[in-house]
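Trainee: Before we start, here is the structure in question, set down as structure tokens.
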Amino acid sequence: DGGITQSPKYLFRKEGQNVTLSCEQNLNHDAMYWYRQDPGQGLRLIYYSQIVNDFQKGDIAEGYSVSREKKESFPLTVTSAQKNPTAFYLCASSIWGGDATGELFFGEGSRLTVL
Amino acid sequence: GDSVTQMEGPVTLSEEAFLTINCTYTATGYPSLFWYVQYPGEGLQLLLKATKADDKGSNKGFEATYRKETTSFHLEKGSVQVSDSAVYFCALSAPLMDSSYKLIFGSGTRLLVRP
């Protein structure tokens, strides 16, 4: 079955450590996204990428970094510069181009807790 | 900028009651509109969508109509079930500078259905 796989599902980190969240998709989608979800705040866009080796900052990119070396993969690194990293992180993908409506397909999410 | 406002929860209903979750939006263009559902500990799943004015999206007994004149996309269901208990997000697609899209989400409405 096609879909988006995020790992790990749960992650604990000490302050000052960088962590990387994995996101893999087999939907053959060009565009991939990372959102952050906090209680009662909906989702906010961190980074997005339309094509391999290219990505753009979203609304809350500070303290995060990404790479897009393969079409299928879009890992997110939460760096020690992120002031409040405890959150639920969601990866998504979509088609891009003439038929695109903006519909996103989401993974199951990764919950990061900073101890 | 573009934004989505949805009614605050939680919304608590008895099984078989009628459901309405209000959603209004602000957008400069003509976005596509979406309702996503999130079950505890999971990612978001697309519930329904509408891509132009007067379109009605429907799925699993849920419906929403794209009303341009009132900039609304209210979610309705005639008879809710306990299994409908979840968080519901209204969203619109906002075009980005580079011809891709991002979704802008409301803050979510938690629905609790009691037997």
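Trainee: On the basis of being surrounded by 18 or more Cβ atoms within 10 Å (Cβ to Cβ), away from every other protein chain (no Cβ under 12 Å) and assigned to a strand (DSSP E or B), does A:LEU112 make the cut?
Mentor: yes
Trainee: Residue by residue through the stretch B:77-101, note down the ones that are surrounded by fewer than 19 Cβ atoms within 10 Å (Cβ to Cβ) and within 19 Å of A:LEU43 (Cα to Cα).
Mentor: Of everything in the stretch B:77-101, those that are surrounded by fewer than 19 Cβ atoms within 10 Å (Cβ to Cβ) and within 19 Å of A:LEU43 (Cα to Cα) turn out to be B:PRO95, B:LEU96.
Trainee: Based on what the data block shows, is B:ALA94 at the interface with chain A (Cβ under 9 Å from one of its Cβ atoms), farther than 21 Å from A:GLU108 by Cα and either touching a residue at least 60 places away in the same chain (Cβ under 8 Å) or touching a helix residue (DSSP H, G or I) at 6+ places or on another chain (Cβ under 8 Å) (or both)?
Mentor: yes
Trainee: Quick one: A:GLY102 ticks every box in (1) of a type outside the set (Lys, Arg); (2) at pLDDT below 95; (3) outside any loop (DSSP other than H, G, I, E, B) except a single one, so which number is it?
Mentor: The one condition A:GLY102 does not meet is (3).
Trainee: I want to confirm something. Restricting to the stretch B:9-19 and keeping residues that are at negative phi and either aliphatic (A, V, I, L, M) or surrounded by fewer than 13 Cβ atoms within 10 Å (Cβ to Cβ) (or both), which single residue is nearest to the other protein chains (Cβ to nearest Cβ)?
Mentor: So the residue we want is B:PRO10.
Trainee: A follow-up question, please. So A:GLU24 ticks every box in (1) farther than 25 Å from B:LEU96 by Cα; (2) of a type in the set (Asp, Glu); (3) surrounded by 15 or more Cβ atoms within 10 Å (Cβ to Cβ) but one. Which box is left unticked?
Mentor: Status for A:GLU24: all satisfied but (1).
Trainee: Identify all residues within the stretch A:1-38 that are among the basic types (Lys, Arg) and not in a strand (DSSP E or B); write none if there are none.
Mentor: Matches in the stretch A:1-38: A:LYS9, A:LYS14.
Trainee: Between A:TYR64, A:TYR35, A:TYR48, A:TYR10, which is crowded, with 18+ Cβ neighbours inside 10 Å and closer than 16 Å to A:VAL114 by Cα?
Mentor: Exactly one residue qualifies, and that residue is A:TYR64.
Trainee: Return yes when B:LEU47 is within 14 Å of another protein chain (Cβ to nearest Cβ), surrounded by 19 or more Cβ atoms within 10 Å (Cβ to Cβ) and touching a Phe, Trp or Tyr at 6+ places or on another chain (Cβ under 7 Å) and no when it is not.
Mentor: Answer is yes for this residue.
Trainee: Give me a count of the residues in the stretch A:44-62 that are closer than 9 Å to A:MET32 by Cα, in a loop (DSSP other than H, G, I, E, B) and either at the interface with chain B (Cβ under 9 Å from one of its Cβ atoms) or touching a helix residue (DSSP H, G or I) at 6+ places or on another chain (Cβ under 9 Å) (or both).
Mentor: Number satisfying all stated conditions: 1.
Trainee: For the condition in contact with a helix residue (DSSP H, G or I) (Cβ under 8 Å, 6 or more places away or on another chain) and more than 10 Å from chain A (Cβ to nearest Cβ), what is the one hit in B:PRO115, B:PRO40?
Mentor: Selected residue: B:PRO115, the only one of B:PRO115, B:PRO40 that is in contact with a helix residue (DSSP H, G or I) (Cβ under 8 Å, 6 or more places away or on another chain) and more than 10 Å from chain A (Cβ to nearest Cβ).
Trainee: Here is a further query. Might you check whether a residue that is away from every other protein chain (no Cβ under 14 Å) and surrounded by fewer than 20 Cβ atoms within 10 Å (Cβ to Cβ) occurs anywhere in the stretch B:102-112?
Mentor: yes
Trainee: Right, another one. Can you tell me which residues in the stretch B:31-81 are in contact with a Lys or Arg (Cβ under 7 Å, 6 or more places away or on another chain), free of Cβ contacts under 8 Å to residues at least 60 places away in the same chain and of a type in the set (Ser, Thr, Tyr)?
Mentor: Passing the criteria: B:THR65, B:TYR66.
The values are calculated or read from the model by the stated rules, or taken from the named source; none is laboratory data. Since the structure is predicted, the reported quantities are computational estimates derived from the model, not experimental observations. Cβ coordinates were reconstructed from backbone atoms using ideal geometry, including for glycine residues, and neighbour counts include every protein chain displayed.
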